[in-house]
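Okay, so here's the structure we're looking at.
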Amino acid sequence: MALTIEDRPAISEELVRARERLAMAFAERDHARERYEAATGTSSELAAYMRLRHAGQQVSACDKWLRWAESENPLAAPRPDHSPLDELIAL
């Protein structure tokens, strides 16, 4: 399906939103890293690590969405990350 002139503003608005979400995800990841470093060696270290890990996954997801939105070929969507447990789930 070809894009029409009317579709162009919606695409550029989505790109702006995608870039903003990525910037917010980077800021949250940086904040989570600071909290993790402060919590290292304390009883809250594991919880801080899990928040940092989740923030990193959010950065990855936002980055993939932005790369897909900027892509010339929208059918070539980025593949999801696979974890080692995915192989066990497929059994």
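Bear in mind these aren't lab numbers, they're just calculated from the coordinates by the rules spelled out. Note that the structure is a prediction, hence the values are computed from the model and not measured. No Cβ is skipped: glycine too gets one built from the backbone with ideal geometry, and neighbour counts run over all protein chains shown.
Counting neighbouring beta carbons within 10 Å and listing from fewest to most, the residues Ser71, Ser43 come out as Ser43, Ser71. Rg over Rh for the range 17-74 works out to 1.15, both radii taken from alpha-carbon positions and Rh defined as the Kirkwood radius. Fewest-first ordering of Leu46, Leu66 by other beta carbons within 10 Å of each residue's beta carbon gives Leu46, Leu66.
How long is the gain from Glu70 to Leu15 if the chain were fully straight, where each residue apart is worth 0.36 nm and the alpha carbon distance is subtracted? Kindly include the intermediate steps, with their values, before the conclusion.
Working: separation 55, 0.36 × 55 = 19.80 nm, distance 0.71 nm.
Length gained, Glu70 through Leu15: 19.1 nm.
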